[in-house]
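Notes follow the structure.
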Amino acid sequence: MSGDRTEPPPRTGPVLGIYAHPDDAEISAGGTMAKWVAAGREVHLLVLTNGDRGSSDRSQDRAALAATRLVETKAAASVLGLASARSLGIPDGELANTQDVRETVIRRIREVRPETVVSVDPTAWFFENRYYNHSDHRTAGEIALDAVYPGSGNPHYFSEHLDQGLDVSEVHDVWLGWTNEANHLEDISGYFENKIAALAKHESQLAEGIRFFEEFLAKEAVELGEKIGASHAEDFRVLDLS
Ligand SMILES: [Zn+2]
């Protein structure tokens, strides 16, 4: 959206992605994350669950799937050029916005000190009466927002972190994908290919093959891109907290 005088200057500082499942970041924001990496930003990923229910095969061993998905997460992060990719290992489908989870996420924010947090919109329940959002996705968005404020910037939240050498950390903007209230389209021309290449690393999820993602996500990204004269775009609800 260049040329828009109200557009703030691009951010250059670190980024932390906070998502529920191993492939959520790539599906929702893989192009944008690759673009930020190319612009020199340090981009970190925190996946909250282990994705161990991501299979319809009833003979699938869940612990084995969790192990596979962690390897896939790291491989996909490497394709995108991420600075780190970690998993909290919470069982898939059981994510809850608890004091313990918030403590871990706030600790990670205070370690990475992101200027930008990218996650998903917790208020998005229904998409065009066609499907509704996974509980883990909504909860991940809630956890991300609650960790940013009130949380990481306030010394009275988990003050033990300060005793351990960490300091409070203020996040300047939050980007929420999978939203019904997008206010920003990010031009990912030239980075859509990175998004698909990263997704291809999530082999355990490709029962229908990578073509499903190539076609479904390409259609979506092309349609969003057309709105801003770009070949591909991703949409977000961007909150400017600075
Ligand atoms: Zn997911």
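The values are calculated or read from the model by the stated rules, or taken from the named source; none is laboratory data. Remember, predicted model here, so these are calculated numbers, not experimental data. When we count neighbours, we look across all protein chains shown, and the Cβ atoms used for this are built from the backbone with ideal geometry, even at glycine. The protein model used for the area step is the full one, side chains on, heavy atoms only, and it has no ligands, DNA or RNA in it. Shrake-Rupley method; radii C 1.70, N 1.55, O 1.52, S 1.80 Å.
Can you work out which of the residues in segment 165-178 that are among the β-branched types (V, I, T) and touching a strand residue (DSSP E or B) at 6+ places or on another chain (Cβ under 8 Å) is surrounded by the most Cβ atoms within 10 Å (Cβ to Cβ)? Even if it seems obvious, please write down each step before you answer.
Restricting attention to segment 165-178, the residues satisfying the condition of being among the β-branched types (V, I, T) are 168, 171, 174.
Subset that is touching a strand residue (DSSP E or B) at 6+ places or on another chain (Cβ under 8 Å): 171, 174.
On the way: V171: 25, V174: 23.
Only one residue tops the list, namely V171.
Filtering segment 23-67 down to residues that are of a type in the set (V, I, T), within 16 Å of the ligand (Cβ to nearest atom) and in contact (Cβ under 8 Å) with a residue 60 or more places away in the chain, which residue is surrounded by the most Cβ atoms within 10 Å (Cβ to Cβ)? Spell out how you get there, then give the answer.
Quick first cut of segment 23-67, residues of a type in the set (V, I, T) only: 27, 32, 37, 43, 47, 49.
Filter once more, so that each one left must be within 16 Å of the ligand (Cβ to nearest atom): 27, 47, 49.
Retained after the next criterion (residues that are in contact (Cβ under 8 Å) with a residue 60 or more places away in the chain): 27, 49.
On the way: I27: 22, T49: 26.
Once the filter is applied, the top-ranked residue is T49.
Could you list, in sequence order, the residues of segment 88-115 that are in contact (Cβ under 8 Å) with a residue 60 or more places away in the chain and open to solvent by 50 Å² or more (accessible area, probe 1.4 Å)? Break it down into steps so the answer makes sense when it comes.
Step one: filter segment 88-115 for residues in contact (Cβ under 8 Å) with a residue 60 or more places away in the chain, giving 92, 95, 105, 108-109, 112-115.
R113 - this is the single residue of segment 88-115 that is in contact (Cβ under 8 Å) with a residue 60 or more places away in the chain and open to solvent by 50 Å² or more (accessible area, probe 1.4 Å).
Considering only residues of segment 125-164 that are part of a loop (DSSP other than H, G, I, E, B) and open to solvent by 70 Å² or more (accessible area, probe 1.4 Å), which is nearest to the ligand (Cβ to nearest atom)? Show your work before the answer.
We begin by selecting, within segment 125-164, every residue part of a loop (DSSP other than H, G, I, E, B); these are 125, 128-130, 133-134, 153-159, 164.
Now restrict to residues that are open to solvent by 70 Å² or more (accessible area, probe 1.4 Å): 125, 128-130, 134, 156-157, 164.
Numbers: W125: 15, E128: 18, N129: 20, R130: 16, H134: 6, H156: 33, Y157: 27, Q164: 32 Å.
In this case the residue turns out to be H134.
If you scan segment 179-212, which residues turn out to be open to solvent by 30 Å² or more (accessible area, probe 1.4 Å) and polar (S, T, N, Q)?
N180, N183, S189, N194, S204, Q205
Could you run through segment 96-124 and say how many residues are of a type in the set (A, V, I, L, M, F, W, C), more than 17 Å from V168 (Cα to Cα) and away from the ligand (no atom under 16 Å from the Cβ)?
Step one: of segment 96-124, the residues of a type in the set (A, V, I, L, M, F, W, C) are 96, 101, 105-106, 109, 112, 117-118, 120, 124.
Narrowing further to those that are more than 17 Å from V168 (Cα to Cα): 96, 101, 118, 120, 124.
From what is left, the residues that are away from the ligand (no atom under 16 Å from the Cβ) are 101.
Of the residues in that region, 1 qualify.
Which of the residues that make up segment 185-200 are of a type in the set (D, E, K, R) and either more than 19 Å from F236 (Cα to Cα) or modelled with pLDDT under 95 (or both)?
Taking segment 185-200 and keeping what is of a type in the set (D, E, K, R), we get 186-187, 193, 195.
Hit for segment 185-200 is E193, nothing else.
Here's a check for you: in segment 213-239, which residue that is modelled with pLDDT under 95 and open to solvent by 30 Å² or more (accessible area, probe 1.4 Å) is farthest from the chain's Cα centre (by Cα)?
Once the filter is applied, the top-ranked residue is E215.
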